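This report concerns only the one structure given below.
Every number here is computed from the coordinates shown, using simple stated rules; none is lab data. All figures in this text were calculated on a predicted structure; none of them were measured in a lab. For neighbour counting, all protein chains shown are included, and Cβ atoms are generated from backbone atoms with ideal geometry for every residue, glycine included.
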């Protein structure tokens with residue numbers, strides 16, 4: 001179960017998301033596919049993850065949440081670096 005702030009809907013443990021929005025926070029997408037974290041970058045306001053829907057291919061940037069698992073972020077960073 002993922003409970004966000006109305007805009008955040010990714011799991012704080014595995015960092016995957018679900019394709020539920022058309023516009024941020026609207027919950028109007030009918031897709032419902034799983035969204036894999038495919039990129040991670042640090043900005044002055046925090047980190048941003050890019051998710052890609054495994055069902056339809058839609059990509060979306062999401063701000064990290066304060067309670068995201070730090071070890072999961074490090075693991076994602078390593079995984080992405082190994083793909084390059």
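Restricted to region 16-28, and to residues there that are in contact (Cβ under 8 Å) with a residue 24 or more places away in the chain and over 13 Å from residue 61 (Cβ atoms), the residue that is surrounded by the most Cβ atoms within 10 Å (Cβ to Cβ) is 19. I'd like the residue in region 63-72 that is outside any strand (DSSP E or B) and under 11 Å from the mean Cα position of the chain (by Cα) and, out of all such residues, is farthest from residue 21 (Cα to Cα). For region 63-72, the residue satisfying everything is 68.
State which residue is surrounded by the fewest Cβ atoms within 10 Å (Cβ to Cβ) when the search covers only region 31-62 and only residues that are in a loop (DSSP other than H, G, I, E, B) and in contact (Cβ under 8 Å) with a residue 12 or more places away in the chain.
45
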